[in-house]
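Student: Pasting a structure below so you can have a look.
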Amino acid sequence: MRPVELNSSRTVLIGIGNSSRSDDGMGWAFVEDIEKSSSFKGLSYLRYQLQIEDADLIKEFDHVIFVDSTQEITEAGYYWKECKPGDEIEFSTHALSPNTVLGLCEQVYKRTPRSFILGIQGYDWELKEGISDKARENLDNALKGFKERFLDDSQYIAA
Amino acid sequence: MERKIVIDPVTRVEGHGRVTVHLDKQGKVENAFFHIVEFRGFERFIQGHPYWEAPLLVQRLCGICPVSHHLAAAKAIDQIAGLDPEDLSPTATKLRRLLHFGQVFQSHALHFFYLASPDLLFGLDAPREKRNVVEVAISNKELAKKGILMRKFGQEVIKAIAGKKIHGIAAVPGGVHKTLFEDERQEFLTEGDIPSVYTMITWTKEMVDFIKSYHNQNYKWLDEFASFPSGHLGLVTPKGELELYEGRMRAIDADGNKTLNDVPTDDYIKYFTEGVEKWSYMKFPYLLDYGRDKGWNRVGPLARLNVADRISTPLAQKELEEFKSYSGNKPCNSTMHSHWARLIEMLYCAEEMKILLEDESILGEDLLREGTRRPEGIGIIEAPRGTLIHHYQVDKKGMITKCNLIVSTTHNNEAMNQAVKWVSKKVLDKKKEISEGMLNQVEIAIRAFDPCLSCATHALGKMPLKMEVFDSEDRLILEKEKNTL
């Protein structure tokens, strides 16, 4: 699949997190930035966390991109990976994973949109507004990488 | 050798918690604790903000039930703006009530389908990889689909009144921000992308029938599991009916004697205080007159049905009669009956939403009232999980100087600890081996309370799971770490 094919009306971008908890707001910040750029042709949504009805939402699309903060240590400050249905066991509805939402969609609606997770590394999770400087750098890198890879028609970078 | 078994965290509840079980040298459970590790600090965070921001800011407390906090805060700032609940316009009150019923309906749907159904469908000893909602969908696709659509219905009600699902503005000081439009009302009254409210009533009735049938086949463990005597607290109308938005506070003891006799919510502080324990960040509310040991109460669906004399809607009232008659019209202290009670409440919410949606006056444009500023405001509602208290004080400029929040799960803190102790003694006493099914039973007891332990914290990989076993000299002898997400 050519990277730019993700930029279509059949793609949904879902930002997950809480902007009142510092770096936990990066999922929203990412989506809000993409919305402002106006070059993204798909639809976008914000979520505090994924819920079971999001299986009903994503069934309408061919591609889904979940964006969230992560505590994982990453090389580039973010990671991009394919999301497979129901791969992981859930321990808390506070953390309904993209995989479980996709698994539900597959089981209930017999649809498995091709899905990806963009995890952006954060450091500060306290109750306050504003992303930390270090996380902001990761967010900017993730935005740059995403735009170059998927929103810029003039470049075709191998997936 | 004593062993301390740790279950960390509790699975499939909102946020996370930690359970420690302490065994004596004979392997008998000596004690068990439910530790709340989250420290929120929201009460300090909101100080210094203007009072009118409170209903917006508190939504960020919890991504699971932001509407409950929004409405409780709204009622409090109404009072600061000089208005009591009866002073609001009828349209504004109906819209707030519709919002609240939508919220409770979808929250209860989420709990039943996502949290409780794996326990009920797959049993106490089901393997861990089976105890999740994807397996529910595999084994009963129709049940899963209905659960998703019932959640969606409630979320769409919230969106219609608040403007959007996240950071919506519904309540403002003295009323609401937006009316309901006719096309929005019709979306809920007719079948379309969203099923109608009539379908919601039908499906909820099916769910109530399911739980009753399930109970008939499994009454022994449902009646006995994690059952213990307790007080119960909830709101009621002046007629003693179940009430979720605006009512009087009633509490009863385990035998049904009133311990709080329909008092005005503005007087809550005369009757309640909060205890602390060194092993938990969460407090332990109790009735002053009865002390720490006897004054604590359960809250939530089971407690609410126990304190209420009746329900104002016909189908739910019929179910309440059957529910109460099962325990001989005495308070039900069977923790697992919370699931049954929760579904009866869902039916009540669905019936109330129908009444409000069929009432054309909900389309009115008389949305706001004005009053004279007061220095203090109290807002108490019944959130899905139980009684929720918001209390603010402001200075002359309207800046919040003091905030006291008692969230629903805090009221249930003692009850959850009692449940953990009960189950631990029953399933872990003198056992030479601990199975995952046994550990899951402790969690089943906690999940029945539908606790919400954290506040909208969600980041991939944020909550690693850890289990620790200590010997009698507190040496770590077993450690297990599980990654989430």
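The values are calculated or read from the model by the stated rules, or taken from the named source; none is laboratory data. Keep in mind the model is a prediction, meaning the values are calculated, not measured. Neighbour counts run over all protein chains shown; Cβ positions are idealised from the backbone, glycine included. The accessibility values were calculated without ligands, DNA or RNA, using every heavy atom of the protein model including side chains. Shrake-Rupley method; radii C 1.70, N 1.55, O 1.52, S 1.80 Å.
Student: For the subset of region B:185-207 comprising residues that are in a helix (DSSP H, G or I) and modelled with pLDDT under 95, which member is surrounded by the fewest Cβ atoms within 10 Å (Cβ to Cβ)? Steps first, answer last, please.
Tutor: Going through region B:185-207, the residues in a helix (DSSP H, G or I) turn out to be B:185-189, B:197-207.
Among the residues that remain, those that are also modelled with pLDDT under 95 are: B:206-207.
Numbers: B:E206: 13, B:M207: 24.
Ranking the candidates gives B:E206 first.
Student: From the list B:L143, B:L180, which one is in contact (Cβ under 8 Å) with a residue 12 or more places away in the chain and open to solvent by 10 Å² or more (accessible area, probe 1.4 Å)? Full working, then the answer.
Tutor: On the way: B:L180 fails: open to solvent by 10 Å² or more (accessible area, probe 1.4 Å).
That would be B:L143, the only listed residue that is in contact (Cβ under 8 Å) with a residue 12 or more places away in the chain and open to solvent by 10 Å² or more (accessible area, probe 1.4 Å).
Student: So, A:Y123, is that one among the hydroxyl-bearing types (S, T, Y), within 13 Å of chain B (Cβ to nearest Cβ), more than 26 Å from B:A116 (Cβ to Cβ) and crowded, with 16+ Cβ neighbours inside 10 Å or not? I'd like the intermediate steps shown before the answer.
Tutor: On the way: among the hydroxyl-bearing types (S, T, Y): yes; within 13 Å of chain B (Cβ to nearest Cβ): yes; more than 26 Å from B:A116 (Cβ to Cβ): yes; crowded, with 16+ Cβ neighbours inside 10 Å: no.
Spelling it out, it is not the case that A:Y123 is among the hydroxyl-bearing types (S, T, Y), within 13 Å of chain B (Cβ to nearest Cβ), more than 26 Å from B:A116 (Cβ to Cβ) and crowded, with 16+ Cβ neighbours inside 10 Å.
Student: From the set of residues in region A:102-120 that are of a type in the set (K, R) and within 20 Å of the chain's Cα centre (by Cα), which is surrounded by the fewest Cβ atoms within 10 Å (Cβ to Cβ)?
Tutor: At the first step, the residues of region A:102-120 found to be of a type in the set (K, R) are A:110-111, A:114.
Then keep just the ones that are within 20 Å of the chain's Cα centre (by Cα); that gives A:111, A:114.
Details: A:R111: 14, A:R114: 16.
The residue in question is A:R111.
Student: While we're looking at this one, here's another question. Answer with yes or no whether A:I73 is modelled with pLDDT under 95, open to solvent by less than 50 Å² (accessible area, probe 1.4 Å) and not charged (D, E, K, R).
Tutor: No: the conditions fail for A:I73.
Student: Among (1) farther than 26 Å from B:G379 by Cα; (2) in contact with a Leu (Cβ under 8 Å, 6 or more places away or on another chain); (3) part of a loop (DSSP other than H, G, I, E, B); (4) at pLDDT below 95, where does B:Y214 come up short?
Tutor: Against the list (1) farther than 26 Å from B:G379 by Cα; (2) in contact with a Leu (Cβ under 8 Å, 6 or more places away or on another chain); (3) part of a loop (DSSP other than H, G, I, E, B); (4) at pLDDT below 95, B:Y214 comes up short only on (3).
Student: I would also like to ask the following. Applying the selection to region B:67-117, what residues are farther than 22 Å from B:D366 by Cβ and without any contact (Cβ under 8 Å) to a residue 60 or more places away in the chain? It would help to see each step written out before you state the result.
Tutor: Pass one, region B:67-117, residues farther than 22 Å from B:D366 by Cβ: B:67-69, B:72-73, B:76, B:103-117.
The answer is B:Q106, B:L110, B:F113, B:S117.
Student: Mind counting the residues in region A:1-31 that are farther than 22 Å from A:E82 by Cα and open to solvent by 10 Å² or more (accessible area, probe 1.4 Å)?
Tutor: Going through region A:1-31 one residue at a time, the tally reaches 2.
Student: Could I ask something else about it? Please tell me if A:L102 is at pLDDT below 90 and touching a Pro at 6+ places or on another chain (Cβ under 8 Å).
Tutor: Details: at pLDDT below 90: no; touching a Pro at 6+ places or on another chain (Cβ under 8 Å): yes.
No.
Student: Okay, moving on. Restricting the search to region B:124-140, which residues are at pLDDT 70 or above and surrounded by fewer than 18 Cβ atoms within 10 Å (Cβ to Cβ)?
Tutor: Once the filter is applied, which keeps residues that are at pLDDT 70 or above and surrounded by fewer than 18 Cβ atoms within 10 Å (Cβ to Cβ), region B:124-140 yields B:I138, B:S139, B:N140.
Student: For region B:373-485, list the strands (runs of 3 or more DSSP E) that sit wholly inside it and hold at least 1 residues that are at pLDDT 70 or above and surrounded by 21 or more Cβ atoms within 10 Å (Cβ to Cβ); which are they? Before the answer, list the steps.
Tutor: Details: elements: B:376-383, B:386-394, B:400-406, B:465-470, B:476-482.
Ranges flagged: B:376-383, B:386-394, B:400-406.
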